[in-house]
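> One structure, as structure tokens, below. Some questions next.
Quick note: the coordinates plus some simple rules give every number you see, no bench work behind them. Source: prediction; values computed, not measured. Positions of Cβ are backbone-derived with ideal geometry, glycine not excepted, and every protein chain shown enters the neighbour counts.
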Amino acid sequence: METLDNKEQWIIDHINTEIVEAEADMEVMRWALEDIYEERLNEYKNYYTDNVALLYKSFHSCFDELKSMEDQYKYKEEYEKCQVIIEVNDILKKKFIPGYN
């Protein structure tokens, strides 16, 4: 599976080190994560349209990354960031997983 490119990794690193708990920062984090992962999910959808098994695995890898990130923030007790990730995860699943409510 594909990993984050340098630009995406920079954004994630910035979130980890610079984002504080201000409302505006949470909006930036939400936008950045949604943008990065929506782009990747769209690429997977376009690339694996004819192979449902690989499409599922690719989608699952993105959602696993988000869950791992959420778990890291839980460990650090950064619950505002956890909430943002949960919201982004939910938004993306509604867009890309048929039947998800």
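> Residue 95: which lysines have alpha carbons under 22 Å from its alpha carbon, excluding same-chain residues fewer than 8 sequence positions away?
Once the sequence-local lysines are set aside, what remains near residue 95 is 45, 57, 67, 81.
> Shifting gears a bit: Give me 66, 54, 33, 41 sorted ascending by neighbouring Cβ count inside 10 Å, so fewest comes first. Walk me through the intermediate numbers first.
Working: 66 17, 54 14, 33 25, 41 20.
The fewest-first ordering by Cβ neighbours comes to 54, 66, 41, 33.
> Within 10 Å of each residue's Cβ, count the other Cβ atoms and sort 87, 39, 77, 65 from fewest upward.
Values: 87 14, 39 11, 77 7, 65 19.
By the 10 Å Cβ count, ascending: 77, 39, 87, 65.
> While we're here: Among 70, 38, rank each residue by its count of other Cβ atoms within 10 Å, from fewest to most, as a rough exposure measure. The partial results should precede the final answer.
Details: 70 19, 38 16.
So the ranking, lowest neighbour count to highest, is 38, 70.
> What is the spin-label model distance, in nm, from residue 77 to residue 60 if the labels are put 7 Å beyond Cα along the C-beta direction?
3.5 nm
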